[in-house]
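Q: Okay, here's the structure, questions in a sec.
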Amino acid sequence: MNLYRHVRDRVVAIVDDLVRDGTLPAGLDTSRISVEPPKEKGRGEVTTNAAMVLAKAARMKPQDLARRLTEKLQGVDSIVAAEVAGPGFVNLSFDAAFWRTRLKEVLAAGPAYGDSKLGADRPVNVEYVSANPTGPMHVGHGRGAVFGDALAALLEKAGFAVTREYYINDAGAQVDVLARSLHLRYREALGETVGAIPEGLYPGEYLVDAGKSLAALDGKGWLTVPEAEWLEPLRRFAVDQMLALIRDDLKALGVTFRVFSSERALVEAGKVPAVVKFLEERDLVYTGTLGPPKGMLPDDWEPRPQLLFRATRFGDDVDRPLQKSDGSWTYFANDIAYHFDKIERGFASMIDVWGADHGGYVKRMQAAVKALSDGGAELDVKLCQLVNLFEAGQPVKMSKRAGTFVTLRDVIDKVGKDVVRFIMLTRKNDAPLEFDFAKVMEQSRDNPVFYVQYAHARACSVRRNAAEAFGPESVTSNRLADSNLDRLTQADELGLIRTMAAWPRLVESAAEAHEPHRLAFYLYDLAAEFHSLWNKGNDDPSLRFLVTADREVSLARLALLEGLTTIIASGLRVFGVAPVEEMR
């Protein structure tokens, strides 16, 4: 149960009662009523803005309406206190039995606790990673991969039908550069001394093995033919080789895709001229001239007629070119065709995860989606900022073109995929992230992945010890669900249940906002409350989770820990992280 939605329903029902008895006028709009955790501790356990959003239409002062609401709410649904606060908030508190019932719900639902029907099986396309197939993935790609994968899992938990998609940018000039770079390494593999890698080619060592593979497959067949003959086959071979590297990196990170879409296949199928024709038929394409790009002086700019998309009709700053001077399509035209393909596949909701350097591309792509769908489809672009790598406080440099970048696989091999995935989600996607190899391996509360995993492992250790003290049959999930939860009387115990009961709302709100990092913050706070309870048990043996002289209270507290581990494991699985039962 989403506790906050449940309480909101009760508040709306009370408003309806006040309408029926003539206290409030009919026709009030209750859609803006919200129920949330209070911002300040000690000001109730939930708070509602009902009086403030209804006061004007009800022709009442917010505080007067709030007092009417508190009179009706007192005693409803285990409410033991209903108080007016500030300009008209109503703060509510519940009795202990209400919170124990919430724990029973966690235990009854198990891993499904927090699953929601919010999405109602609506299809959502989440496109992420989509790294150019020109080499192995770097850490920046890894952040986008983790963010996109966690967001997809979060949306699935919230009830959406999610398609995870990787878009292969295999039709641009960078793929020609890749093919030429491969040809150089191919010549090297056949014994030629190539010397320093020429400017503009990819110097990475990862192409050495690709060159050897090509030499083993085709021998000297590509040595004496002109570039016009070898460019296309080597381009395809190089892309396949690089995609194999990328898939391997993704597998190490725990990321898998069912759908791979190829830009080249899209172009070869004639999708670009088809979508341009679609726009032309709607008078959304014209031939015109543009001013100089931002930062370029007018004297340096020669205006020329171009085929332009009317992006300004849909919120963009300028209209955008669809064709280059040589008649070929722009990257933007290809991307329009790709997103039109998504729309034709039935996706009215699309999420693209891009690197921060694509920020200037967002408005035009969103404008295109509005145009292609007559406003019926929505594109949310999530930009992932850079990851700054450190080694014990010292920056680790990376440069893809120089071939000296730190690969994602290097990081995974050093600290493990679970650490990489969790740490990547400890900041909002559009905030820079610092990744220090030393700090992410610390065993302290300053390392969030350790702190959360330690809470899960500690709780599991209590269960193992209880199985020895009371017998394994006493600590099964079913038996713990039937324990006497009335023995949970400590304020901190009930406080932990309150935090656990916020999980379903957190899942829904994070899914609606497309912000999986909220789960990391929540899990850290939940772990902190547990560790605080544990430490109190160190000071006072009667507060320990396992009190062998009192079987009933021990089993009730074990039920509390069962709920805790259920939610931590659920959150970690959204992140693609395996919960641990022992710290090693």
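Q: All but one of (1) among the charged types (D, E, K, R); (2) touching a Gly at 6+ places or on another chain (Cβ under 8 Å); (3) within 30 Å of residue 44 (Cα to Cα) hold for residue 486; state the number of the condition that does not hold.
A: Exception for residue 486: condition (2).
Q: Please specify each residue of region 117-141 satisfying the condition of being closer than 25 Å to residue 388 by Cα and of a type outside the set (A, V, I, L, M, F, W, C).
A: Passing the criteria: 127, 128, 130, 132, 133, 134, 135, 136, 138, 140, 141.
Q: In region 313-344, which residues are under 28 Å from residue 119 (Cβ atoms) and either in the same structural domain as residue 139 (by TED's automatic domain parsing) or without any contact (Cβ under 8 Å) to a residue 40 or more places away in the chain (or both)?
A: The answer is 335, 343, 344.
Q: Test of understanding: among 441, 424, 398, which residue is hydrophobic (A, V, I, L, M, F, W, C) and at pLDDT 95 or above?
A: Selected residue: 424, the only one of 441, 424, 398 that is hydrophobic (A, V, I, L, M, F, W, C) and at pLDDT 95 or above.
Q: Moving on. Pick from region 142-198 the residues that are part of a loop (DSSP other than H, G, I, E, B) and of a type in the set (D, E, K, R): which of them is farthest from residue 433 (Cα to Cα)? Quick ask: steps written out before the conclusion?
A: Pass one, region 142-198, residues part of a loop (DSSP other than H, G, I, E, B): 158-160, 169-172, 190-198.
Applying the additional criterion that residues be of a type in the set (D, E, K, R) yields 170, 192.
On the way: 170: 29, 192: 43 Å.
By that ranking, first place goes to 192.
Q: Okay, moving on. Among the numbered criteria (1) touching a Pro at 6+ places or on another chain (Cβ under 8 Å); (2) crowded, with 21+ Cβ neighbours inside 10 Å, which single criterion is violated by residue 564?
A: Exception for residue 564: condition (1).
Here's the yes/no breakdown for (1) over 30 Å from residue 3 (Cβ atoms); (2) in a helix (DSSP H, G or I); (3) in contact with a helix residue (DSSP H, G or I) (Cβ under 9 Å, 6 or more places away or on another chain):
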position	(1), (2), (3)
100	no, yes, yes
106	no, yes, yes
115	no, no, yes
121	no, no, no
134	yes, no, yes
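Q: Can you tell me which residues in region 481-505 are in contact (Cβ under 8 Å) with a residue 60 or more places away in the chain and either over 19 Å from residue 536 (Cα atoms) or in contact with a strand residue (DSSP E or B) (Cβ under 7 Å, 6 or more places away or on another chain) (or both)?
A: 481, 483, 484, 485, 486, 500, 501, 502, 503, 504, 505
Q: Tell me, yes or no, whether region 284-301 has at least one residue that is crowded, with 17+ Cβ neighbours inside 10 Å and either farther than 24 Å from residue 335 by Cα or in contact (Cβ under 8 Å) with a residue 12 or more places away in the chain (or both).
A: yes
Q: Also, I was wondering about something else. Evaluate region 95-102: report whether one residue or more is closer than 30 Å to residue 562 by Cβ, among the aromatic types (Phe, Trp, Tyr), within 33 Å of the chain's Cα centre (by Cα) and surrounded by 14 or more Cβ atoms within 10 Å (Cβ to Cβ).
A: Checked against the condition, which is being closer than 30 Å to residue 562 by Cβ, among the aromatic types (Phe, Trp, Tyr), within 33 Å of the chain's Cα centre (by Cα) and surrounded by 14 or more Cβ atoms within 10 Å (Cβ to Cβ), region 95-102 yields at least one hit.
Q: Across region 220-234, what is the total count of residues that are assigned to a helix (DSSP H, G or I) and either among the hydrophobic types (A, V, I, L, M, F, W, C) or surrounded by 14 or more Cβ atoms within 10 Å (Cβ to Cβ) (or both)?
A: Looking only at that region, the number is 5.
Q: Pick out the one residue from 283, 326, 316 that is in a loop (DSSP other than H, G, I, E, B), over 34 Å from the mean Cα position of the chain (by Cα) and modelled with pLDDT of 95 or more.
A: Matching residue, one of 283, 326, 316: 283.
Q: Turning to a different aspect of this structure: Mind listing just one residue for me: the one in region 7-58 that is assigned to a helix (DSSP H, G or I), touching a residue at least 40 places away in the same chain (Cβ under 8 Å) and not small (Gly, Ala, Ser) and, of those, farthest from residue 101 (Cα to Cα)?
A: Initial filter on region 7-58 (assigned to a helix (DSSP H, G or I)): 7-20, 50-58.
Retained after the next criterion (residues that are touching a residue at least 40 places away in the same chain (Cβ under 8 Å)): 7-8, 10-11, 14-15, 17-18, 50.
Next, from what is left, pick out any that are not small (Gly, Ala, Ser): 7-8, 10-11, 14-15, 17-18.
Working: 7: 14, 8: 18, 10: 17, 11: 20, 14: 23, 15: 26, 17: 26, 18: 29 Å.
Out of the qualifying residues, it is 18.
Q: Name the residues in region 27-45 that are farther than 16 Å from residue 72 by Cβ and in contact with a Lys or Arg (Cβ under 9 Å, 6 or more places away or on another chain), would you?
A: Residues satisfying the conditions are 34, 36, 37, 45.
Q: Take region 202-226 and flag every residue that is touching a Lys or Arg at 6+ places or on another chain (Cβ under 6 Å) and free of Cβ contacts under 8 Å to residues at least 40 places away in the same chain.
A: Those that are touching a Lys or Arg at 6+ places or on another chain (Cβ under 6 Å) and free of Cβ contacts under 8 Å to residues at least 40 places away in the same chain: 208, 211.
Q: Just to be sure I understand, how many residues within region 107-142 are within 28 Å of residue 182 (Cβ to Cβ) and under 13 Å from the mean Cα position of the chain (by Cα)?
A: Step one: list which residues in region 107-142 are within 28 Å of residue 182 (Cβ to Cβ), which gives 127-142.
Imposing the further condition that a residue be under 13 Å from the mean Cα position of the chain (by Cα) reduces the set to 127-129, 142.
Residues in region 107-142 being within 28 Å of residue 182 (Cβ to Cβ) and under 13 Å from the mean Cα position of the chain (by Cα): 4 in total.
Q: Separate question: Going by the structure shown, is residue 59 basic (Lys, Arg), buried (at least 16 other Cβ atoms within 10 Å of the Cβ) and at pLDDT 95 or above?
A: no
Q: Exactly one condition in (1) under 26 Å from the mean Cα position of the chain (by Cα); (2) surrounded by fewer than 17 Cβ atoms within 10 Å (Cβ to Cβ); (3) closer than 20 Å to residue 569 by Cβ is not met by residue 413; state its number.
A: (3)
Q: While we're on this one: State whether one or more residues within region 535-557 are under 30 Å from residue 253 (Cα atoms), buried (at least 18 other Cβ atoms within 10 Å of the Cβ) and not hydrophobic (A, V, I, L, M, F, W, C). Before you say what the answer is, go through the steps one by one.
A: Looking only at region 535-557, we keep the residues that are under 30 Å from residue 253 (Cα atoms), and these are none.
Scanning region 535-557, I find no residue that is under 30 Å from residue 253 (Cα atoms), buried (at least 18 other Cβ atoms within 10 Å of the Cβ) and not hydrophobic (A, V, I, L, M, F, W, C), so the answer is no.
Q: Give the residue that is nearest to residue 260 (Cα to Cα), with candidates limited to residues of region 338-362 that are in a helix (DSSP H, G or I) and of a type in the set (Ser, Thr, Tyr).
A: So, considering only residues that are in a helix (DSSP H, G or I) and of a type in the set (Ser, Thr, Tyr), the one nearest to residue 260 (Cα to Cα) is 338.
Q: Could you grab me the full set of residues in region 339-360 that are among the aromatic types (Phe, Trp, Tyr) and crowded, with 22+ Cβ neighbours inside 10 Å? Show your work before the answer.
A: Kept after step one, since they are among the aromatic types (Phe, Trp, Tyr), are these residues of region 339-360: 340, 347, 354.
Matches in region 339-360: 340, 347.
Let's see how each residue does on (1) farther than 20 Å from residue 99 by Cβ; (2) assigned by TED's automatic domain parsing to the domain that holds residue 459; (3) aromatic (Phe, Trp, Tyr):
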{"residue": "470", "(1), (2), (3)": "yes, yes, yes"}
{"residue": "484", "(1), (2), (3)": "no, yes, no"}
{"residue": "488", "(1), (2), (3)": "no, yes, no"}
{"residue": "491", "(1), (2), (3)": "no, yes, no"}
{"residue": "510", "(1), (2), (3)": "yes, yes, no"}
{"residue": "514", "(1), (2), (3)": "yes, yes, no"}
{"residue": "517", "(1), (2), (3)": "yes, yes, no"}
{"residue": "522", "(1), (2), (3)": "no, yes, yes"}
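Q: Also, I was wondering about something else. Hey, does region 79-92 have a residue that's under 30 Å from residue 482 (Cα atoms), outside the structural domain of residue 154 (by TED's automatic domain parsing) and surrounded by fewer than 18 Cβ atoms within 10 Å (Cβ to Cβ)?
A: Checked against the condition, which is being under 30 Å from residue 482 (Cα atoms), outside the structural domain of residue 154 (by TED's automatic domain parsing) and surrounded by fewer than 18 Cβ atoms within 10 Å (Cβ to Cβ), region 79-92 yields at least one hit.
The values are calculated or read from the model by the stated rules, or taken from the named source; none is laboratory data. This one's a predicted model, so the numbers in the text were calculated from it and none came from an experiment. Here Cβ is always computed from backbone atoms with ideal geometry, including for glycine, and neighbour counts include all displayed protein chains.
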